[in-house]
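Below is one structure, written out as structure tokens; the observations come after it.
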Amino acid sequence: MTDPRKAIHQKIIELAKRLGNDASSLGYHDSIPDRGALDSPGLLELIMWFENEFNLEIEQEELTLENFGTIDAMASYAEKAGA
Amino acid sequence: MPAALYTPRLNNNDDTVRFTKCLVEPGTYVKQGDPVAEVETDKATFTVEADQDGYVLAFCFEIDETIAVGSVLAWIGDSATEAVPTAAAAASADSSAGTRTGTPTLKAAILLSQYGLAAKDVPASAERLSATDVENHIRAKGLVPASRTASVSHAVAAPSSPPPEPGKKIALSPPAHGMLRTVSWQKSDAVPGYLELAWDVAPWAEYAAAFQKQHRLLLNPLLPLLAWRFARVAVEQPLINSTIFADQSWQYEHVNLGFTIQVSSNLMVVVVREAEKLDQAAFVKKLTDLQRGAMRNSLRPEEASGATIGFSSMARWPVTRHVPVLLPHTAMMIAHTSPSGQNACIGATYDHRVLNGQDVVAALRSLTTPPAADEA
């Protein structure tokens, strides 16, 4: 199976580019909000894509830094959710 | 049993309209308030909206046909496979519509427009529907001025002459229609002014960062918290939460905060209703829910209409100044922008019929101060 982290990173790069930002150097452990490549609407778009990509429905209470703050965290969340 | 969608009256002098466009295909599921068709007269074009949820079964006329006001324009049913009533049933529906109400007087038509009502919704006490009939109906139902539902308030004045250079007509999408109606309201019904203040963003940024940490939020809550604060300011300064109607002030009962968001290439407004009742955490959660709902295209009509105050940010682009258009029937819209180095400003468009510059400056000054601990 393809590493989900690559797909997540690729999506972040794509969304960041629309805002004029470069997220290509974002590491899997780096904090996505702290790097500033995506603003809140951008992060929401990322979550929407994530739900569709991994066939998940995420409750708002789950939208925490622990679960979605890094690419690694997002990949772990998808794995735990059985996606 | 399918329900008839009637042809609206666009103005008091035209008893017929021209059917110009189907905005949905027969078989499409629509929600109340969704655009269904376009009709026009020499003076105005008008988007006819569904008056209930259901499937559009059929249109009763061909494009470019001239049709009588009050006749059945389309049928809406509970399922896409429902049979369309016969011509006789349509005629009967037209006829029964005609007996419920009379042609509105000019004053009644204006009132109907302001409340988003159709003449057929209001019982007439005589042959013509009078302003008194409409006022009685408004009082009995406890209605407030509306910006949704099929009515002449959505009519957009047609330009007096076509564009001077060759080109082609391209149909507007429903969101583009919505934006057209919004800006048309400001053009014809408000007296907009704009002002802005310099402000120090640091205290608010610190406040939002602490809130984000405390609630373990993924999303930066700065804009939702500013919007929440604005709703509180509107409670403290009720004039902000009012409009002008029939030469009188109309004080809204609740603070419904309209927040502009971008979904794909469309600009939308989501509305946090009764925002004055929400604490910060509940407000931030509600606004995030609405944004996700807009992205999923699953908002209910009341979640995208009925704003009494507005908030708009273009910080993401990053814009250093923008002058937003007032939302229909609102008096103040916050214009949040991106700080440029050490300099930041926050502004507001306001309806000068309702507010003066001093009112707006006072509101902005309150807004730029983060809430005290006991306010949260």
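Read-outs: derived from the displayed coordinates by stated rules, not from any lab. Since this is a predicted model, take the numbers as computed values, not measurements. All Cβ positions, even for glycine, are placed from backbone atoms using ideal geometry, and neighbour counts span all protein chains on display.
Quick look at the values:
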quantity: Candidates B:167, B:347, B:178: whichever shows maximal mean-square fluctuation once chain B is modelled as a Gaussian network with Cα springs under 10 Å; calculated: B:167
quantity: Label-point separation in nm, residue B:251 to residue A:24, each point 7 Å along Cα→Cβ; calculated: 6.0
quantity: Efficiency of FRET between residue A:3 and residue B:128 - r from beta-carbon atoms, R0 51 angstrom, step 0.05; calculated: 0.10
quantity: Note, ³J(HN,Hα) from phi for segment B:129-138, Karplus 6.51, -1.76, 1.60, rounded to Hz, x at Gly and Pro; calculated: 7, 9, 4, 5, 4, 5, 4, 4, 5, 4
quantity: For the protein assembly as shown, with +1 on Lys and Arg beta carbons and -1 on Asp and Glu, the positive-most of B:348, B:44, B:142 along the dipole; calculated: B:348
quantity: 5 angstrom amide H check on residue B:16, placed H, neighbours 5+ away; calculated: B:69
quantity: Gaussian network model of chain B, springs between alpha carbon atoms under 10 Å - residue of B:351, B:42, B:189 with greatest fluctuation; calculated: B:42
quantity: Dipole magnitude of segment B:33-82 about its Cα centre (Cβ charges: Lys, Arg +1; Asp, Glu -1), debye to nearest 20; calculated: 100
quantity: Three-way shape call for segment B:178-375 based on the alpha-carbon gyration tensor, with the a/c threshold at 1.5; calculated: rounded
quantity: Of A:6/A:80; B:187/B:286; B:213/B:277; B:31/B:187, pairs whose Cα-Cα distance is over 22 Å; calculated: B:187/B:286; B:213/B:277; B:31/B:187
quantity: C-alpha long axis of helix B:357-367 to longest principal axis of chain B, angle in °; calculated: 60
quantity: Residue with peak Gaussian network fluctuation, chain B [Cα springs, cutoff 10 Å], from B:175, B:301, B:162; calculated: B:162
quantity: Shielding score for B:287-294, defined as the mean number of other chain Cβ atoms within 10 Å; calculated: 2
quantity: Pairwise centroid distance, computed over Cα atoms, of segment A:21-83 with segment B:268-319, Å; calculated: 22
quantity: Dipole axis of segment B:208-290 (+1 Lys, Arg; -1 Asp, Glu on Cβ), positive-most option in B:242, B:221, B:265; calculated: B:221
quantity: Cβ-Cβ FRET estimate between residue B:66 and residue B:43, R0 fixed at 22 Å, reported to 0.05; calculated: 0.90
quantity: Burial ordering of B:16, B:349, fewest other beta-carbon atoms within 10 Å first; calculated: B:16, B:349
quantity: Compactness of segment B:201-262 - radius of gyration and Dmax, Cα, Å; calculated: 15.4, 48
quantity: Rounded to the nearest 20 debye, dipole of chain B from Cβ charges on Lys, Arg, Asp, Glu; calculated: 800
quantity: Chain B: relative contact order as a whole-number percent, Cα under 8 Å and 6+ apart; calculated: 14
quantity: Crossing angle, helix B:280-295 versus chain B [Cα axis fit, 0-90 degrees, rounded to tens]; calculated: 50
quantity: Cα-centre dipole for segment A:4-80 with unit charges at Cβ (Lys and Arg positive, Asp and Glu negative), debye to 20; calculated: 400
quantity: Helical contribution to [θ] at 222 nm, DSSP H n ≥ 4, -39,500 (n - 2.57), averaged over the protein assembly as shown, rounded to 500; calculated: -10000 deg cm²/dmol
